[in-house]
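These notes are about the structure you will find just below.
The values are calculated or read from the model by the stated rules, or taken from the named source; none is laboratory data. What you are looking at is a predicted structure, and each value in this text was computed from that prediction instead of being measured. Neighbour counts run over all protein chains shown; Cβ positions are idealised from the backbone, glycine included. These accessible areas exclude ligands, DNA and RNA; they are computed on the full protein's heavy atoms, side chains included. Shrake-Rupley method; radii C 1.70, N 1.55, O 1.52, S 1.80 Å.
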Amino acid sequence: MLVRFSRTGRLPAWRRLGTERPVNAEGGPPRFFVAVTLAAMGLLPGLGGPGGASAADLDTAASQVASGLGSLALETLAEEPPEPGEAAWERWARLRAQALRQKGAVEELGRFAESVPESASAELRRWVRLQAAEAELEAGSPAQARRRLARLVAAHPGAPEAPQWLRQIYRAYAAEGRWQDAATALRRHREVEGGGPPEESSVATEQARILMRAGEEEDALALLGEEPRHPEGRPLRIRLLASLDRTGEAYEEAQAWAEESGNPQPGRAWRLVADLAGEQEGLDARVAALERALQEGVPQPAAVVERTWEAYLQLGELLGSEEELPAGEDAAWIERADELGGPQGRALLAHVALLGGSAEARTDARLRLARELEEAGLDGTASLLYRKGPAFEGGEALSPLVRVHLGRIAQAGERLEDALYWMDRVEELPEEVKAAPWWLTRARLRVRLGRYAAGAEDLERILDEPGRLSDSQFRQQFLQVAFDLQQAERYATALEVFRGVYEAVEKDKARRELLYWMGECRAGLGEHREAANLFLRSAAHRPGSVADRWGRTARFQAARSLAKARRTEEARRLFRDLLGTGTASQDRAIQRRMNRLMGEAVEDSERP
């Protein structure tokens, strides 16, 4: 054998002596020998060998790191690691550091950072140590990270990475709660960077927060500017104004922020308005702001609910004293609440709702307060006040009538989870509430929220008195819940509901439709023969002729079910009877199904 190089400069081509046929063709030597020979000649360095990790291996590891697969990248890098000083080593070292950080191997990364030899570039040594420090900071070891960073600053004070090291140092001090030291490191960082404000709004907000915690509010406010761009900058600026006794400015800015269209956190803004509402604005403003905060949504609403009830009581007592309302005269308080309306009226109602002299007065005030809040567009507030209010034990201390109303206003506001919360807590309906519509509403809510068995129980309550289904409108609403069960593929439960309605109604049209829907449920359960029987019964109901559209559809579904039940002949007969009774496109669809059935029959006959 010989090796011949092509004149074009391409890789060498292997030839067999005396012929031009390539050896790699069938019958020639395996490709393995070609690869081994080329590698020995140094023409395929990508296969590894004395050169350590190949470029392909490092590319693979880089793609794994880019995908967040640090553990897998470490395995790839460990296969044939290069020696320090080799061309590929620095790239290998960077990938290893990134992979260790991704894996969360903080201690191993720290040891690796200290083991980088002096022969490596200074830039690489600094970069790996920064990676180790940042990993320690992320892992909750700020002191260790800070010490590592301090050594970098001391050893390389003029390095281009110095601002980045100093930034991580002040972050480490902040993570330790050492705010004065953090502020000192921050000033050093800003000096190194040139003293100007940070370009990134998130960094400016972070630095302002550190200065505020260090007691340097004026500097923090100046750093933020008048219109902070970061989402956290606005509330931070308002708190800084308040801490500098510029409460009026803070209140105005908070009010403007709360009413700003497109504000992504209005609940937080209104809570801040409530915090800043002082003597000048009055308790009315605080109550109104707290109500809006609950309506818009706040984290940990229980604390805001408690503050709202406290503000209600404070305002109610103040108004009761000013209006000279007699203590214990609940009717007078409720009458005055109706006259005042707004936050003041609601405060008087809340006072009676909590401290009223009789259970009847307390129930009346609670119901009125819920209605007042609903009319003011604060239905979510109403629900939270009673659900999270410490005096009401999650609503258990409320009368059934109040729970019913809270469920209704939550449903009207499309707060379905909230509505079901209240409806689930109504065991015995008040006399004022009609039972059947109530059970039906709760059944539909339960089904929509995935509580299928509980929804079916409510439907069974209605079926226990079949006379309720005589009203066609109510029956359609009832059946809609069964359709929701079908949509959720709860075919067995839906089947029982349809069967119950079938037994309760007498009209032929209604019974014919119910048989069809029962057939759909059987088909959904995989009971195709039973489904076919129900479809045929639906088709046979008056008028029942082949030309009848409902009957034609029912027969088509029966044929489909028979085909699935492997009753091929019966299915074909039904399909054949349907030909010519519908449109041309329907006939073509039926013919396709018949052809398919014919093909399946042939296949079955050819099977041994």
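Net length available on complete extension from E503 to E218 is 94.7 nm, with 0.36 nm assigned per residue and the Cα-Cα distance removed.
Counted by Cβ distance under 12 Å from E329, the other residues give a net charge of -3, where Lys and Arg count +1 and Asp and Glu count -1.
Principal axis extents of the Cα atoms in the range 340-386, from largest to smallest and rounded to whole angstrom, are 29, 22, 12. 3J(HN,Hα) along the range 253-262, derived from phi through the Karplus expression 6.51 cos²θ - 1.76 cosθ + 1.60 where θ = phi - 60°, amounts to 5, 5, 4, 5, 5, 5, 8, 5, 5, x Hz, with x in place of Gly and Pro.
Computed on the Cα trace of the chain, the radius of gyration divided by the Kirkwood hydrodynamic radius gives Rg/Rh = 1.17. Sorting W550, W92 on solvent-accessible area from highest to lowest, probe radius 1.4 Å, gives W550, W92. What number comes out for the charge environment of R387, summing +1 per Lys or Arg and -1 per Asp or Glu over other residues with Cβ under 14 Å away? With Lys, Arg at +1 and Asp, Glu at -1, the neighbours total -2.
In this entry, the range 209-342 is assigned a mean projected area of 9.7 nm², taken as a quarter of its C-alpha convex hull surface. With θ taken as phi - 60° and the Karplus curve 6.51 cos²θ - 1.76 cosθ + 1.60 applied, the whole-hertz 3J(HN,Hα) list for the range 121-131 is 5, 4, 4, 5, 4, 5, 5, 5, 5, 5, 4 Hz, x standing for glycine and proline.
When each of the peptides 60-68, 95-103, 140-148 is scored by the mean number of other C-beta atoms lying within 10 Å of its residues, the order from highest to lowest reads 95-103, 140-148, 60-68. Karplus-based coupling profile of the range 358-368, in residue order and whole Hz: 10, 4, 5, 5, 5, 5, 4, 5, 5, 5, 5, with θ = phi - 60° in 6.51 cos²θ - 1.76 cosθ + 1.60 and x standing for Gly or Pro.
Computed from the C-beta positions of H230 and S71, the FRET efficiency with R₀ = 41 Å rounds to 0.70.
Computed in the context of the full set of protein chains, the accessible area of the chain at 1.4 Å probe radius has 47% of its extent on carbon or sulfur. Between the range 56-126 and the range 463-531, the C-alpha centres lie 66 angstrom from each other. The figure for F483 is an accessible area of roughly 50 square angstrom, using a 1.4 Å probe on the protein chains alone.
Here is how the number arises for the chain: DSSP H runs of 4 or more residues each give -39500 (n - 2.57), the sum is divided by the residue count, and the result at 222 nm is -22000 deg cm²/dmol.
Accessible surface computed residue by residue for the range 246-415, with neighbouring protein chains in place and a 1.4 Å probe, gives 45 Å² per residue. With K and R counted +1 and D and E -1, the other residues having a Cβ less than 12 Å from that of L398 yield a net charge of +3. Given the range 246-415 reduced to its alpha-carbon atoms as identical point scatterers, what log10 I(q)/I(0) does the Debye formula return at q = 0.08, 0.15, 0.18 Å⁻¹? Relative scattering, expressed as log10 I(q)/I(0), comes to -0.23, -0.81, -1.13.
The 1.4 Å probe gives accessible areas that order L77, L72, largest first, as L72, L77.
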